[in-house]
C-alpha cells in the first residue's frame, strides 16, 4: 500500500504542478476544450497512463470541461502515486 504524504511533502509536490489544486485529500484540475469531442479525446488519452500506473482518476465530463480528481483511496489521502499521475496528465494535450 502507498504511504500518505505529509502536509509539507504535499505542499512541496504541488508547487511543481501547474493548474492543479489541493482540496482536502484530493488533487484536482479542470481542463477546458473547444467542444465535447475534444474533451472525450482527452479522456481517452488518460486510459493508458492510468492503467500503466494502476491508479485511476475520478473524471467528470460536462460538455467541453473535464474535471480530474486524484486521491489514493486505499491509503485514505494523497500519495506519490497521485502526484506522479498528475504530472503525466499535465503533459497530455
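Each value in this text was obtained by applying a stated rule to the coordinates, not by laboratory testing. Predicted model, so just to flag it, every value in this text is computed and none were measured.
Dividing the helix sum by the residues of the chain, where each DSSP H run of 4 or more adds -39500 (n - 2.57), gives a mean residue ellipticity at 222 nm of -13000 deg cm²/dmol. Length available on full extension from residue 53 to residue 74: 0.36 nm per residue minus the Cα-Cα distance, which gives 6.1 nm. Could you check which residue among 52, 25, 14 shows the biggest mean-square fluctuation in a GNM of the chain with a 10 Å Cα cutoff? Its mean-square fluctuation being the largest, the pick is 52. Estimated at 0.36 nm per residue, the fully extended path between residue 11 and residue 65 surpasses their Cα-Cα distance by 16.8 nm.
Relative contact order for the range 35-93: 34 percent, from Cα pairs under 8 Å spaced at least 6 residues apart, divided by residue count. The value obtained for the chain, namely the Cα convex hull volume divided by the number of residues, is 82 Å³ per residue.
A convex hull fitted to the Cα coordinates of the range 41-93 yields 72 cubic angstrom per residue.
From the alpha carbon centroid of the range 44-85 to that of the range 1-32 is 12 Å.
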